[in-house]
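Novice: Mind having a look at this structure? Questions to follow.
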Amino acid sequence: MTEPHSWKDPSIYVHEIHVEESCMDLAYTREILGRAKLPYTVIADRDDPQGISGVYPDNLVQGKRHLLLCLNRGHFFKPCPGTKEYRCCDYQVLNIGMGCPMDCVYCILQAYLNKPWLTFFVNTENVFQEMETAFAAEPDRFFRIGTGEFTDSMALDRLTCLSPQLVEFMAKQKQAVLELKTKSAVISNLENLQHNGRTILAWSLNSPVVMQREEIRTATFDERLSAAAQCAEWGYKLAFHFDPIIDHPGWEEGYEETITKLFQKVPAENIVWISLGALRYLPSLKTIGTRRFPGSRIFYQEFIEGLDNKKRYFRPRRVALYKHIYGLLKKYTVPSTCIYFCMESDEIWQEVMGYVPEEKGGIPLMLDRTVNN
């Protein structure tokens, strides 16, 4: 099969759907099947989809062609699994599914998950119930919520059409914002929605060579920027994530090219925050990544073990990467845009940015201010 030229919509990689028997009576399941127009099989509840050969993770390329529609029997809404050793932004995760049709060399899900297929949870009424319960329990708290922890927020949206439901629900909330983070360019469902500024569209960016070589079946850089610019025209606030920042030959020029083009295409005043995070990974990810992507060199550098037991670049190297990228961003961002580190120490904050988060009330408050001004 010839690969399509554009992966603007990575859901086209999905070729078969599997449905838990108890989900077949749900109207939402029938809607998804009707939109997808793909062959599907009904399986017993809690059973594994059939037709995927091999063992994990070697069968991920094949497994990502299969989508399982099932129930989430746990909680949809929970805190981000940060670590106490590094500064966390107090993000809340909305778990809408597991896995992603894209295939980034550095993707931590390869080591976190142990099933090759994609999963989407169709009992979405529980999503909204859990958020309403959480908001009511803490009426004075402001919630920043994201769906991009265990999947890409928009990669399957053509099939699921979940984003309009989320955007319209969030538009009524005064104490919360939702961030939809993606490496796709799937935005058509976001047009003509009354979002009231309560949904932020976010894109992961990197240097051009990293996006081309290490991010398989993702939208191109230009496709991501065009999608972001369109969302800005529709009045959405935007965010961007330089994470993972990867040390590679020509990285200075690469990140400069990305940042220059970003601000040529996207209005700076629409950007509420930009995160920075250098490559870090569980030791098991190196074993998986080097086996699955033997042509990649990103794991073959000097790393140390961080306080969270993840491999990280040596601190002086992280500081050099951060200082260069932070300096470029400060040339273009407006004062209201919050640039912050994801999972870094106070020492790194002080050395690169000249302050520690506590001086400005902590990372959560810094981010909250950007969307409540």
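The values are calculated or read from the model by the stated rules, or taken from the named source; none is laboratory data. The structure displayed is predicted, hence computed values, not measured ones. In this analysis, Cβ positions are derived from the backbone assuming ideal geometry, glycine residues included, and neighbour counts consider all displayed protein chains.
Novice: Pick from the stretch 77-90 the residues that are buried (at least 18 other Cβ atoms within 10 Å of the Cβ) and either part of a strand (DSSP E or B) or modelled with pLDDT of 95 or more (or both): which of them is farthest from the chain's Cα centre (by Cα)?
Specialist: Only one residue fits best here, namely 87.
Novice: A further question on this structure: Looking at the stretch 163-210, which of its residues are within 17 Å of the chain's Cα centre (by Cα) and of a type in the set (D, E, K, R)?
Specialist: Those that are within 17 Å of the chain's Cα centre (by Cα) and of a type in the set (D, E, K, R): 179, 181, 183.
Novice: For the stretch 104-123, give me each residue that is within 20 Å of residue 71 (Cβ to Cβ) and either under 15 Å from the mean Cα position of the chain (by Cα) or assigned to a strand (DSSP E or B) (or both).
Specialist: Correct list: 118, 119, 120, 121.
Novice: Could you tell me which of the residues 348, 304, 288 is assigned to a strand (DSSP E or B) and over 18 Å from residue 272 (Cβ atoms)?
Specialist: 304
Novice: Please state which one of 367, 276 is in a strand (DSSP E or B), within 19 Å of the chain's Cα centre (by Cα), within 26 Å of residue 179 (Cα to Cα) and aliphatic (A, V, I, L, M).
Specialist: 276
Novice: Also, I was wondering about something else. Look at the stretch 342-361 and say how many of its residues are touching a residue at least 40 places away in the same chain (Cβ under 8 Å) and not hydroxyl-bearing (Ser, Thr, Tyr).
Specialist: Qualifying residue count for the region: 6.
Novice: Criterion first (in contact with a Lys or Arg (Cβ under 9 Å, 6 or more places away or on another chain), in a loop (DSSP other than H, G, I, E, B) and of a type in the set (Val, Ile, Thr)) does residue 186 satisfy it?
Specialist: yes
Novice: With respect to the numbered conditions (1) assigned to a loop (DSSP other than H, G, I, E, B); (2) out of contact with any helix residue (DSSP H, G or I) (no Cβ under 9 Å at 6 or more places or on another chain); (3) touching a residue at least 40 places away in the same chain (Cβ under 8 Å), which one is the sole condition not fulfilled by residue 172?
Specialist: It is condition (3) that residue 172 fails.
Novice: Here is a list of conditions, (1) surrounded by fewer than 21 Cβ atoms within 10 Å (Cβ to Cβ); (2) assigned to a loop (DSSP other than H, G, I, E, B), and residue 101 meets all of them except one; can you say which number that is?
Specialist: (1) is the only condition that residue 101 fails.
Novice: Could you go through the stretch 212-224 and let me know if any residue there is part of a loop (DSSP other than H, G, I, E, B), farther than 26 Å from residue 108 by Cβ and in contact with a Pro (Cβ under 7 Å, 6 or more places away or on another chain).
Specialist: No, the conditions are met nowhere in the stretch 212-224.
Novice: Sort out which residues of the stretch 270-296 are in contact with a Leu (Cβ under 8 Å, 6 or more places away or on another chain) and surrounded by fewer than 20 Cβ atoms within 10 Å (Cβ to Cβ), and write them in order of number.
Specialist: 292
Here's the yes/no breakdown for (1) over 24 Å from the mean Cα position of the chain (by Cα); (2) among the charged types (D, E, K, R); (3) at pLDDT 95 or above:
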residue: 289; (1), (2), (3): no, no, yes
residue: 308; (1), (2), (3): no, yes, no
residue: 320; (1), (2), (3): yes, no, yes
residue: 341; (1), (2), (3): no, no, yes
residue: 359; (1), (2), (3): yes, yes, yes
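Novice: In the stretch 230-258, how many residues are touching a residue at least 60 places away in the same chain (Cβ under 8 Å) and in a strand (DSSP E or B)?
Specialist: Of the residues in the stretch 230-258, 7 are touching a residue at least 60 places away in the same chain (Cβ under 8 Å) and in a strand (DSSP E or B).
Novice: Looking at the stretch 30-47, which of the residues that are without any contact (Cβ under 8 Å) to a residue 40 or more places away in the chain, under 15 Å from residue 70 (Cβ atoms) and among the aliphatic types (A, V, I, L, M) is surrounded by the fewest Cβ atoms within 10 Å (Cβ to Cβ)?
Specialist: 44
Novice: Taking interchain pairs and intrachain pairs at least six residues apart, which have beta carbon atoms under 8 angstrom, with the first residue in the stretch 90-115 and closer than 25 Å to residue 15 by Cβ and the second at pLDDT below 95 and in a strand (DSSP E or B)?
Specialist: From the stretch 90-115, the pairs are 95/77; 95/78.
Novice: Can you tell me which residue among 135, 150 is without any contact (Cβ under 8 Å) to a residue 60 or more places away in the chain and assigned to a helix (DSSP H, G or I)?
Specialist: After applying the criteria, what remains is 135.
Novice: Name, by its number, the condition in (1) under 22 Å from residue 142 (Cβ atoms); (2) crowded, with 17+ Cβ neighbours inside 10 Å that does not hold for residue 344.
Specialist: (1)
Novice: Consider the stretch 47-72. How many of its residues are part of a loop (DSSP other than H, G, I, E, B) and within 21 Å of residue 284 (Cα to Cα)?
Specialist: 7
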